[in-house]
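First comes the structure, then the notes that go with it.
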Amino acid sequence: MELADAVRKQLRIHLSEAQREAFETYNRELISARQRASLTSLRDRESIERRHFLESLALVRAIEDAGALASPAIDIGSGGGFPGVPIKIVRPEIEMTLLEATEKKATFLRGLIATIGLAGIRVVQGRAEDVAHDPAEREAYALALARAVAPLPTLVELSLPFLRTGGVLAAPKGSGAAREVRAAENALRVCGGAVEGMKPLNVPPPGATPTLVLVRKIAQTPERYPRRSGMPAKRPL
Ligand code: SAH
């Protein structure tokens, strides 16, 4: 099925001609840079549409239905731009920051934004552990997104410091979502978060259905978090 048809029928998201072109350009750029910047293991258009574009747009639908789509947003560990860039293409009113540790990937993302011609989106190169202590970035966002970056206990420490109180972390997770939520209990208490809900993402078969985990920031995160680079992953809270 054409991407635009699948998106319209399953997700009730209508792509304009310009938005379709933006996804075409994105697909081409990914394929031509994938090895140079280790952006994706996928080689062909259809797999990229399914795994990256449709999954990111299913996420938009679920976040929007939960009333949690908000601006400004930060995509933590954006890699090849997922889910931040597809969200920006379909919801251009959202101010988007893409945070990426690797210089090669950050460079790809800057080029991609210019090539597609997106405005109101920026790339910050650095690690969440460092950038979250920058006063301009700390508690600056209403929505944090992170796909395939870290298990939830680590992700909570990396992402909640970026959120204003009342903001939401939206993290798509695999079959272990419920287990990750249980394991994150302490990290949530320490960093000021509460799980608000879990819902299945509407992605086309085949493949397992991912689960969206929504975490609300209910209290300020103590200044010492996130701990220094590597610690949130090495010794999860
Ligand atoms: N979100 C993308 C990429 C997932 S791979 C997708 O779903 O396709 C994870 C990415 O997160 C990598 O590009 C890695 O460089 C980045 N990353 C991992 N830990 C990070 C950290 N602490 N701070 C910033 N970026 C990080």
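Annotations for the structure displayed:
- Boolean, S175 is of a type in the set (S, T, Y) and at pLDDT below 95: yes
- Matching residues in the stretch 151-172 - criterion: being open to solvent by 20 Å² or more (accessible area, probe 1.4 Å) and either within 13 Å of the ligand (Cβ to nearest atom) or over 23 Å from V60 (Cβ atoms) (or both): P151, T165
- The number of residues in the stretch 181-210 being in contact with a Leu (Cβ under 7 Å, 6 or more places away or on another chain) and within 16 Å of the ligand (Cβ to nearest atom) comes to 5.
- Segments classed as helices (runs of 4 or more DSSP H), wholly inside the stretch 1-111, with at least 1 members that are away from the ligand (no atom under 16 Å from the Cβ), buried (at least 17 other Cβ atoms within 10 Å of the Cβ) and under 17 Å from the mean Cα position of the chain (by Cα): 55-65, 84-90
Here is a yes/no grid of residues against (1) open to solvent by less than 50 Å² (accessible area, probe 1.4 Å); (2) closer than 18 Å to T154 by Cα; (3) modelled with pLDDT of 95 or more; (4) among the charged types (D, E, K, R):
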{"position": "R189", "(1), (2), (3), (4)": "no, yes, yes, yes"}
{"position": "G192", "(1), (2), (3), (4)": "yes, yes, yes, no"}
{"position": "L201", "(1), (2), (3), (4)": "yes, no, no, no"}
{"position": "P205", "(1), (2), (3), (4)": "no, no, no, no"}
{"position": "T209", "(1), (2), (3), (4)": "no, no, no, no"}
{"position": "L212", "(1), (2), (3), (4)": "yes, yes, yes, no"}
{"position": "R216", "(1), (2), (3), (4)": "no, yes, yes, yes"}
{"position": "Q220", "(1), (2), (3), (4)": "no, yes, yes, no"}
{"position": "R224", "(1), (2), (3), (4)": "no, yes, yes, yes"}
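- Residue within the stretch 124-141 that is in contact with a His (Cβ under 9 Å, 6 or more places away or on another chain) and within 12 Å of the ligand (Cβ to nearest atom) present: no
- Scanning the stretch 190-222 for residues being touching a residue at least 40 places away in the same chain (Cβ under 8 Å) and farther than 25 Å from E55 by Cβ gives a total of 6.
- Put simply, of A208, A187, A194, A142 the only residue that is closer than 19 Å to R61 by Cα and more than 18 Å from the chain's Cα centre (by Cα) is A208.
- Within the stretch 119-131, considering residues that are under 17 Å from the mean Cα position of the chain (by Cα) and not β-branched (V, I, T), the one surrounded by the fewest Cβ atoms within 10 Å (Cβ to Cβ): G120
- Looking only at the stretch 100-123, and only at residues there that are in contact with a Ser or Thr (Cβ under 6 Å, 6 or more places away or on another chain) and without any contact (Cβ under 8 Å) to a residue 40 or more places away in the chain, the one that is nearest to R228 (Cα to Cα): E100
- Residue count for the stretch 101-128, restricted to those that are of a type in the set (V, I, T) and closer than 25 Å to L163 by Cβ: 5
The values are calculated or read from the model by the stated rules, or taken from the named source; none is laboratory data. All figures in this text were calculated on a predicted structure; none of them were measured in a lab. Cβ coordinates were reconstructed from backbone atoms using ideal geometry, including for glycine residues, and neighbour counts include every protein chain displayed. Remember, those area values only see protein heavy atoms, side chains included, never the ligands or the DNA or RNA. Shrake-Rupley method; radii C 1.70, N 1.55, O 1.52, S 1.80 Å.
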